[in-house]
1. Out of 65, 56, 60, 41, report the one residue that is outside any loop (DSSP other than H, G, I, E, B), more than 17 Å from the chain's Cα centre (by Cα), touching a residue at least 60 places away in the same chain (Cβ under 8 Å) and under 24 Å from residue 131 (Cα atoms).
2. Restricting the search to the stretch 145-201, which residues are part of a loop (DSSP other than H, G, I, E, B), buried (at least 19 other Cβ atoms within 10 Å of the Cβ) and on the phi < 0 side of the Ramachandran plot?
3. Report yes if residue 33 is more than 20 Å from residue 128 (Cβ to Cβ), touching a helix residue (DSSP H, G or I) at 6+ places or on another chain (Cβ under 8 Å) and assigned to a loop (DSSP other than H, G, I, E, B), otherwise no.
4. Filter the stretch 25-38 for residues that are buried (at least 16 other Cβ atoms within 10 Å of the Cβ) and either within 15 Å of the chain's Cα centre (by Cα) or without any contact (Cβ under 8 Å) to a residue 12 or more places away in the chain (or both) and give the result.
5. Being in contact with a helix residue (DSSP H, G or I) (Cβ under 6 Å, 6 or more places away or on another chain) and either at positive phi or surrounded by 19 or more Cβ atoms within 10 Å (Cβ to Cβ) (or both) is the requirement here; does residue 79 meet it?
6. Return yes or no: is residue 79 assigned to a loop (DSSP other than H, G, I, E, B), closer than 23 Å to residue 186 by Cα, in contact (Cβ under 8 Å) with a residue 12 or more places away in the chain and within 16 Å of the chain's Cα centre (by Cα)?
7. Please verify whether the stretch 136-144 includes one or more residues that are in a helix (DSSP H, G or I) and either within 17 Å of residue 1 (Cα to Cα) or in contact with a helix residue (DSSP H, G or I) (Cβ under 8 Å, 6 or more places away or on another chain) (or both).
8. Going through 126, 133, 86 one at a time, which residue ends up being at pLDDT below 95, surrounded by fewer than 17 Cβ atoms within 10 Å (Cβ to Cβ) and either under 13 Å from the mean Cα position of the chain (by Cα) or farther than 25 Å from residue 28 by Cβ (or both)?
């Protein structure tokens, strides 16, 4: 039965002078990805679809090359749009993220609402699945919209307690969950990408 892996990019190089969408992977993030090269659990992947943000594309490109694939880029798979506030210091970002999840139908200082972002990522994933052939699908994206996707598929209310770093994943990104492509039911919650190593395909 075909599976869908939703993988978030791992650690990035944070630079307040660069647009968040243009942040690339840090050395730590890139190094973490190398453990997935040749991982049996990904050998069934026949298609990789990525957000257009640089950190996601770098993640997808590395894994696609290992699997002999070319990543597809979908601009609307981006992280929740928070361009209205620009770069926020970590403590400011935590306040904003809490508000984003706590009031999903309200915009925090001009941010895209959580409800709108959830609708967008569900639509993108639905489009991908409608054109998916044989084999597993790997979606490369982000923690915020990934959490919103997981909540929708699992039938859970939007809540930050389901965020990757709070629900079994590793801090800084680089986590995944898997769902059935037909029933669209998650098979498990967030796990660090390293958990894919050694799993059967």
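The values are calculated or read from the model by the stated rules, or taken from the named source; none is laboratory data. Note that the structure is a prediction, hence the values are computed from the model and not measured. As a convention, Cβ positions derive from the backbone with ideal geometry for all residues, glycine included, and neighbour counts pool all protein chains shown.
1. On inspection, the qualifying residue turns out to be 41.
2. Passing the criteria: 158, 163, 164, 169, 170, 190.
3. Spelling it out, it is not the case that residue 33 is more than 20 Å from residue 128 (Cβ to Cβ), touching a helix residue (DSSP H, G or I) at 6+ places or on another chain (Cβ under 8 Å) and assigned to a loop (DSSP other than H, G, I, E, B).
4. 25, 29, 33
5. yes
6. yes
7. Looking for residues that are in a helix (DSSP H, G or I) and either within 17 Å of residue 1 (Cα to Cα) or in contact with a helix residue (DSSP H, G or I) (Cβ under 8 Å, 6 or more places away or on another chain) (or both), one finds at least one in the stretch 136-144, hence yes.
8. 133
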